[in-house]
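Each value in this text was obtained by applying a stated rule to the coordinates, not by laboratory testing. What you see is a predicted model, and the numbers here were worked out from it, not measured in a lab. When we count neighbours, we look across all protein chains shown, and the Cβ atoms used for this are built from the backbone with ideal geometry, even at glycine.
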Amino acid sequence: MSHHHSIRNLLNIKDKNITFDENFCSTETIKKVKAKVFHGTLTCLWQTKNVTFGN
């Protein structure tokens, strides 16, 4: 089982376009409170068809 699957399961993330590298978690102080922060990358190829911008 990959660490991607384990992290998605832990955080209840359904989007398969979110990936995590080896340094996916850090401990940071946010507003004087220590918190675990998960770092991921959203990789998604948006497909557009017949889109017109402007007038």
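The table that follows gives values for the structure above.
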read-out: Local electrostatic count, Phe20, Cβ distance below 15 Å [Lys/Arg +1, Asp/Glu -1]; value: +1
read-out: Spacing of the two label points (7 Å from each Cα toward its C-beta) at Leu42 and Asn9, in nm; value: 2.6
read-out: Local electrostatic count at His3 - Lys and Arg +1, Asp and Glu -1, tallied over other residues with Cβ under 14 Å; value: -1
